[in-house]
1. Considering only protein heavy atoms, with the full assembly of protein chains and a 1.4 angstrom probe, order ARG126, ARG63 by accessible area, largest first.
2. Project the alpha carbons of the range 101-166 onto their principal axes and report the range along each, largest first, in whole Å.
3. Taking only protein heavy atoms into account and a 1.4 Å probe, give the accessible area per residue of the range 67-160 in Å².
4. Can you tell me how the range 48-168 classifies by the Cα gyration tensor, rounded, prolate or oblate, using a/c under 1.5 as the rounded cut?
Amino acid sequence: MKKILVLGTLLAFCAPVFAAPKCEGDNCPPKRDGKARHELRVKKGPQLSPEMQAKFKEAKEQRKARRAQFKANEEKLEKLVKDYKKAKEGSKKQASLREDIGEVLGQVRDEQIAVREEGLKDFEERLARMKEGLAEEQKPEAKAAWVGEMTDKIIAEDGDLGEALHEHGRIGPRHAGPRGPKGPGPEGGLLPPPPPPPAEAK
């Protein structure tokens, strides 16, 4: 019993130390509910220009339209194939259904090729920007500025080259431009490899 009383007295004396300090006015941290935390995360992120926001919105709508078209084509093909398998083998109806299947697949192929062309165009634009960036990096004055900046970093990092280059890619700063080319990724599957050339008759 005596031990419990001593423990209670100690806790009574220590409780104010662990209690949260009272705050007044501007010293109080803001109360955050779920919404406020979400808004804080959004504000911390990079702010996109209106042009980039419009571009992302347009790309999102295009992807949504392509998914809807892909789904519609898939449903149409499932029905056509079902009817094709029900039709009499070698009949005119089966031949007509086969043509209909080929027509839908032709539309799918056109969409795949259009997406690939769009991706290649985007890649060419990024490649041109990368080449411009490389040309800037190759200028003697750019190299001299880089060496001066990196000299300060190397001194600050006690000669640790890896740490000093941490913010840099193979050529320049990671944030200065595209990190590298990304190949196009058409929805609905990648294009298959081209067929082998026909064997020449001997």
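The values are calculated or read from the model by the stated rules, or taken from the named source; none is laboratory data. Nothing here was measured: the structure is a model prediction, and the numbers come from that model. Accessible surface areas use protein heavy atoms only, side chains included; no ligands, DNA or RNA. Shrake-Rupley method; radii C 1.70, N 1.55, O 1.52, S 1.80 Å.
1. Values: ARG126 40, ARG63 100 Å².
Reading off the accessible areas and sorting them downward yields ARG63, ARG126.
2. Cα extents, longest axis first: 69, 24, 8 Å.
3. On the way: 7340 Å² over 94 residues.
Averaged over the residues of the range 67-160, the accessible area is 78 Å².
4. Values: a/c = 3.84, a/b = 3.71, b/c = 1.03.
Prolate shape, in that a/c is at least 1.5 and a/b is the bigger ratio.
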